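J.: The structure's right below; bear with me while I get my questions together.
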Amino acid sequence: MDGGKISESDYALLSQVINPSLIPSSYYARISDNIKNLIRTSGNQQFIADHKAEFLSLWFRLLKDNPSSYINAYVDQTLGFWYPEQTGIPFVISTDPNPYGVTSSGILPAALSNALRSWTYSNNQQSFLGIFYSCGGYAWLFLLLFAYSLTKKGSAVVFLPSFFLWGTLLLTTPVYGDIRYLYAVVACLPLLFSFVLVPRKMD
């Protein structure tokens, strides 16, 4: 895609799943859906399932031959979870077609709903209000609170679940900065604030 190296044998292995010439036009580093859907619609998913070890080895071989591409891709794919000025999708008001009969419907008048949606999306891009939709902003707030908790005996352990969630996103994020994936951490922040900052009586 960016002038990287791949051997003929590895190219042939990749070709068993999908036509590699389709990847450049579909690939977008900040979301996995494009390539995922490309494989689902025109690829051979069963071949991946039957050759997991080979594709794991392929991943490491390409890393060895193209380290800078991997670094650039990792930064692009995780940027929203650690860089405050990057804002992702603030919310989604829709449902995809599904076999369960789940649909979306609003309780507000359509005009008011559309106005609120437009206002929220436009302010998502503003530096001041955009921070409220920024996973990176919440992550740094969480990290600063954790750093302070280290001065409080027994406080740091309550941060572990949130750390595991954030760490998982840094390892396997499907979208570069969608707040719904970090929402559990956001929801826990008031509790973490109170646990660390509010004085506790010692028995």
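J.: Restricting to the range 140-176, name every residue that is under 8 Å from the mean Cα position of the chain (by Cα) and on the phi > 0 side of the Ramachandran plot.
T.: Selection gives nothing.
J.: List the helices (runs of 4 or more DSSP H) that sit entirely inside the range 1-112 and contain at least 2 residues that are surrounded by 11 or more Cβ atoms within 10 Å (Cβ to Cβ) and of a type in the set (D, E, K, R).
T.: 33-42, 52-65
J.: So which pairs qualify, if the first residue must be in the range 155-167 and more than 14 Å from Leu191 (Cβ to Cβ), the second must be at pLDDT below 90 and polar (S, T, N, Q), the Cβ gap must be under 7 Å, and the two must be at least 6 apart or on different chains?
T.: The qualifying pairs are Ala156/Ser149.
J.: Another question, then. Inside the range 13-51, can you point out the residues that are in contact with an Asp or Glu (Cβ under 8 Å, 6 or more places away or on another chain) and closer than 23 Å to Asp178 by Cα?
T.: Ala29, Arg30
J.: If you go through the range 127-136 one residue at a time, do you hit one that is in contact with a Phe, Trp or Tyr (Cβ under 9 Å, 6 or more places away or on another chain), modelled with pLDDT of 85 or more, surrounded by fewer than 19 Cβ atoms within 10 Å (Cβ to Cβ) and not charged (D, E, K, R)?
T.: no
J.: Residue by residue through the range 172-189, note down the ones that are buried (at least 17 other Cβ atoms within 10 Å of the Cβ) and outside any loop (DSSP other than H, G, I, E, B).
T.: Val175, Ile179, Tyr181, Val185, Val186, Cys188
The values are calculated or read from the model by the stated rules, or taken from the named source; none is laboratory data. Not measured: the values here are computed from a predicted model. Note: ideal-geometry Cβ built from the backbone for every residue, glycine included; neighbour counts use all protein chains shown.
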